[in-house]
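J.: Input: one structure, supplied below.
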């Protein structure tokens, strides 16, 4: 009886080791990945820009993603739509301030993904986003094309303590002074070549 239990245990251990051996962790090619952002006002316009991926990894099993982590360099916020260099710098400095992302104290944001459910040509993805030291759950759809994954993630900034001109926290704001709570991120993430 003990021999059968030991034999079954060895078979199970062998299977677990075989499955574990199939897992592959790939680095993200930060230089060839991009994150675009968009913030809007309740009335009339908003702003768009980019922010850089600092680093990251994707864990694959059988060629399919099962986990990922993306580190965002919050010190790289850029604005595209304000043409005046003076006003562009003022906007970026304000986004870097404690009213928004508090970059001096929080130079990185982090996206940790733990669930990838196949759907169509991509995945329904779930995980956690950390901004300004606050972590909240996120879910979004991602499309895969070879070594590139594209996704649109929309998050509520107020959940991360970013309440500046939010109509949910400030009463009597005129419509053109209200900044919507949702921030959209358009991500294009490229995996580095396998080694």
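The values are calculated or read from the model by the stated rules, or taken from the named source; none is laboratory data. Quantities reported herein were computed from a predicted structural model and do not represent experimental measurements. Note that we place each Cβ from the backbone using ideal geometry, even for glycine, and neighbour counts take in every protein chain shown.
J.: Residues of segment 106-148 being within 26 Å of residue 158 (Cα to Cα) and free of Cβ contacts under 8 Å to residues at least 12 places away in the same chain, which ones?
T.: 135, 137
J.: At least 1 residues that are touching a helix residue (DSSP H, G or I) at 6+ places or on another chain (Cβ under 8 Å) and at pLDDT 90 or above in each: list the strands (runs of 3 or more DSSP E) lying fully within segment 90-195 that qualify. Outline the logic, then answer.
T.: Numbers: elements: 108-119, 122-131, 134-145, 148-156, 179-190.
Of the strands (runs of 3 or more DSSP E) lying wholly inside segment 90-195, those with at least 1 residues that are touching a helix residue (DSSP H, G or I) at 6+ places or on another chain (Cβ under 8 Å) and at pLDDT 90 or above span 122-131, 134-145, 179-190.
J.: In segment 125-148, what residues are touching a strand residue (DSSP E or B) at 6+ places or on another chain (Cβ under 7 Å) and under 11 Å from residue 110 (Cβ atoms)?
T.: Step one: filter segment 125-148 for residues touching a strand residue (DSSP E or B) at 6+ places or on another chain (Cβ under 7 Å), giving 125-131, 135-144, 147-148.
Answer for segment 125-148, where residues must be touching a strand residue (DSSP E or B) at 6+ places or on another chain (Cβ under 7 Å) and under 11 Å from residue 110 (Cβ atoms): 127, 128, 129, 130, 131, 135.
J.: I'd like the full set of residues that are on the phi < 0 side of the Ramachandran plot and surrounded by fewer than 14 Cβ atoms within 10 Å (Cβ to Cβ), limited to segment 31-54.
T.: Matches in segment 31-54: 31, 43.
J.: Under 7 Å between Cβ atoms, which residue pairs at least 6 apart in sequence (or on different chains) link something in segment 156-171 that is on the phi < 0 side of the Ramachandran plot and surrounded by 13 or more Cβ atoms within 10 Å (Cβ to Cβ) with a partner that is at pLDDT 90 or above and part of a helix (DSSP H, G or I)?
T.: Final answer for the pair search is 166/158.
J.: Right, next: Is it the case that some residue within segment 35-57 is part of a loop (DSSP other than H, G, I, E, B) and more than 29 Å from residue 179 (Cα to Cα)?
T.: No, segment 35-57 has no match at all.
J.: Same structure again: Just to check your reading of the model, which residue among 90, 64 is touching a residue at least 12 places away in the same chain (Cβ under 8 Å) and surrounded by fewer than 14 Cβ atoms within 10 Å (Cβ to Cβ)?
T.: Every option except 64 fails the conditions.
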